[in-house]
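Single-structure report; data block below.
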Amino acid sequence: MKSALEIKPDISYKSAGKFEETRFEKIHNEIFKSSAEASVIVAQEIAQLIRSKQEKNKACVLGLATGSSPIKVYEELVRMHKEEGLSFSNVITFNLDEYYPMTKENNQSYHYFMHQHLFNHIDIKPENVNIPDGTVTIDELNQYCIDYEMNIKQAGGLDFQLLGIGRTGHVGFNEPGSHINSGTRIITLDHITRVDASSDFNGIDNVPKRAITMGVSTIMRSKRIVLMAWGQNKADIIKRTIQGDISSEVPATFLQNHPNATFVLDQSAAVELTRFKTPWLVGECIWTQELKSKAIVWLCQKTKQSILKLTDRDYNNNGMSDLLAQEGSAYDLNINMFNVLQHTITGWPGGKPNTDDSHRPERANPAKKRVILFSPHPDDDVISMGGTFSKLIKQGHDVHVVYQTSGNIAVTDDEALKFAEVAKDFIGEAGSGINFKSVIEFLNKKSENQIDSLEVRKLKGLIRRRESYAATRYIGLKDENTHFLDLPFYETGQVKKNPLGPEDIAIVKDIIAKIKPHQVFAAGDLADPHGTHEVCLNAIFAAMKELKPEKYMDDCWLWLYRGAWHEWDIHEIDMAVPLSPSEVLLKRHAILYHQSQKDRVMFQGNDSREFWVRAEDRNKNTAILYDELGLAEYEAIEAFKRFDY
């Protein structure tokens with residue numbers, strides 16, 4: 001019996017239209033709306049394989065991966081074990097890799113990860129679990145790797161291999177340069193891989209430089225391979241892997257030659273594939289307004305011309321002849337697109353009173369709006385929309401900023417120690433509810449990967465809170481309009497957070513119900529390195545959905561901003577708020593009030609620049625793009641997308 005994923009290729013590739021759509025792609029892939037939906041499908045395939053092997057009284061040999069990608073798969077397998085009786089008694093597992101050196105007890109080890117997410121919750125036999133041992137001495141390591149390979153062969157080979165993919169194109173820890181014939185071995189980790197892991201280790205200096213990994217040849221001998229990738233951060237490497245040439249510089253491209261491999265992607269990870277990025281280069285399109293906007297902006301950038309200078313020839317020569325035929329002329333297309341973009345620009349993000357708002361992104365009425373600005377961390381507000389924040393206050397709106405988490409995990413121990421020592425010297429032990437002597441002792445004796453004590457977390461949270469007050473006062477906000485939710489899902493004391501729970505949603509729901517906003521601004525940037533933005537946004541979505549029957553929600557619009565990692569593409573922008581040079585400077589100063597996040601950014605993702613530099617460059621680049629398209633020239637632009645919840 002074929003699995004759900006294995007059946008799909010037979011169906012989808014029968015149609016000529018599907019083949020045309022995917023003709024640039026060299027690996028079969030399936031794209032899902034969300035990683036949660038995709039993970040359930042993958043888990044079902046694994047469960048079906050386990051059961052089919054049980055019916056034949058055979059062992060099921062699984063190759064397993066770690067990292068964020070497979071977590072929901074493991075959650076679903078655990079659910080099926082507990083609720084549907086799925087047994088793992090016939091399962092033998094081999095994990096792809098492990099950091100080196102690394103003890104099994106270390107909470108950053110893959111041994112710890114696998115037991116935390118899967119093995120501790122199912123009926124697998126302990127002797128059937130195989131994970132590379134990060135404590136093997138270097139002298140014994142070569143023989144250990146040979147034995148690991150032999151154990152896989154003696155088990156009958158891998159029936160199914162689950163993979164993730166790194167931004168370097170690594171599978172397992174097979175970094176660029178890995179050979180097609182490579183077996184299990186020790187390898188030096190690429191700098192980009194260590195940067196990506198730095199948030200888990202509280203800084204790149206703590207990330208091991210080496211790892212033990214299954215080799216490319218080991219992976220390629222698997223009977224079935226499923227590679228999962230979620231999020232926009234993986235989009236570039238997914239395109240290179242699926243559409244590029246086979247090269248050891250992108251080891252995942254070797255999977256193009258595997259006879260039974262499927263890439264399972266969410267929509268964000270697939271956005272750079274040609275059929276999504278530039279579908280007009282693949283075949284005929286259904287020309288929605290969004291696709292027209294995307295195509296015309298792309299055409300301007302490709303031809304290095306402003307919108308109003310595009311000609312019939314430009315459209316015909318770049319795969320848009322059907323659009324031209326549909327619309328009649330380049331002149332009509334250009335004027336319409338120019339007007340669409342022109343109407344996104346406004347210096348009145350809360351709506352301009354006493355004006356015709358038919359071509360404006362926001363309503364004129366009510367003239368004075370109640371506004372909630374949700375900020376996942378205690379600095380996303382000023383980083384992402386500090387200029388718009390200031391305009392809303394100056395234009396007389398009732399603005400409330402709501403910080404959803406304490407942000408304590410992003411404060412370094414050194415920073416907390418500095419504050420504790422100053423506080424102890426200044427006020428002694430009284431007046432704060434924190435025993436600064438014990439905090440200082442804890443931080444001075446803190447061991448690697450030790451979770452902060454409650455008092456240390458409280459201090460770190462207070463540091464972020466006071467920085468936020470300083471920044472919002474500078475912007476011009478009253479203290480009583482600054483709110484701190486300290487959502488429970490975040491308060492674990494470590495990078496890994498709890499799932500979003502009913503209590504989190506109820507807290508968000510209460511603040512919305514209290515303020516009854518006309519506008520809600522929220523972080524739509526889901527690329528932050530530790531996933532907090534996504535959880536915070538889901539809390540807002542859930543809360544607003546529950547509140548939707550309330551009459552005041554009929555007048556509430558939701559605007560999404562992007563954070564410190566990405567900006568909206570031009571064709572996605574519904575509201576563009578220009579900033580003057582003085583407003584850019586005001587925004588910079590507001591960001592700099594967050595001193596604990598300056599100089600040493602703990603969760604910087606793949607960008608080593610400080611947050612204020614990223615924000616300024618992003619806003620200036622958006623303004624440059626508008627200018628190059630033939631619209632007005634501004635110093636900087638903050639961008640927003642309206643979301644119908």
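The values are calculated or read from the model by the stated rules, or taken from the named source; none is laboratory data. None of the values given here were measured: they were computed from a predicted structure. Every residue, glycine among them, receives a Cβ derived from its backbone with ideal geometry; neighbour counts consider all protein chains shown. SASA here: full protein model, heavy atoms, side chains in, ligands and nucleic acids out. Shrake-Rupley method; radii C 1.70, N 1.55, O 1.52, S 1.80 Å.
Tabulated results
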item	result
Label corresponding to Rg and Dmax of the Cα atoms in Å when calculated from the structure given, among [x] 26.6, 79; [y] 26.0, 105; [z] 28.4, 96	[x]
Anisotropy class of region 452-595 from Cα gyration tensor, a/c 1.5 cut	rounded
Hull volume in cubic angstrom per residue (convex hull over the Cα atoms of region 82-176)	133 Å³
Using θ = phi - 60° and Karplus 6.51 cos²θ - 1.76 cosθ + 1.60, couplings along region 450-460 (whole Hz; Gly, Pro as x)	6, 6, 4, 5, 4, 5, 5, 5, 4, 4, 5
Which listed pairs, of Lys368/Lys460; Lys33/Lys58; Lys234/Lys304; Lys369/Lys620; Lys418/Lys620, have C-alpha distances above 31 Å, in listed order	Lys368/Lys460; Lys33/Lys58; Lys418/Lys620
Cross-link pairs Lys239/Lys277; Lys209/Lys598; Lys292/Lys545 - those with Cα-Cα distance over 20 Å	Lys209/Lys598; Lys292/Lys545
For Ala636, distant residues with modelled amide H under 5 Å away	Leu579
Alpha-carbon centroids, region 489-538 and region 383-457: separation in whole Å	19 Å
Set of aspartates and glutamates near Lys551 by C-alpha distance (under 16 Å), chain-local residues within fewer than 8 positions excluded	Asp510
Three-way shape label, region 185-236, alpha-carbon gyration tensor, a/c 1.5	oblate
Unsatisfied cross-links (Cα-Cα over 30 Å) in the set Lys394/Lys424; Lys294/Lys516; Lys72/Lys104; Lys53/Lys497	Lys394/Lys424; Lys294/Lys516; Lys53/Lys497
Pair-distance profile P(r), taking every C-alpha pair of region 308-353, with 5 angstrom steps and integer %	5, 21, 23, 17, 10, 8, 7, 8, 2
Average Cα contact separation per residue, the chain, under 8 Å, 6 or more apart, as relative contact order %	12 percent
Region 259-400 - percent relative contact order, Cα under 8 Å, separation 6 or more	14 percent
Phe521 - accessible surface, heavy atoms, 1.4 Å probe, Å² rounded to 10	0 Å²
Ranked by how many other beta carbons lie within 10 Å on average, peptides 338-349, 250-261 from highest	250-261, 338-349
Hits among aspartates and glutamates - C-alpha to C-alpha of Lys641 under 12 Å, sequence gap 8 or more where chains match	Glu362, Asp525, Glu567, Asp569, Glu572, Asp574
Percent of beta bridges antiparallel (DSSP, the chain, rounded to nearest 5)	35 percent
Built amide H within the under 5 Å cut-off of Lys496, gap 5+	none
Among 464-475, 122-133, the order from most to least packed when residues are scored by Cβ within 10 Å on average	464-475, 122-133
Three-way shape label, region 115-257, alpha-carbon gyration tensor, a/c 1.5	rounded
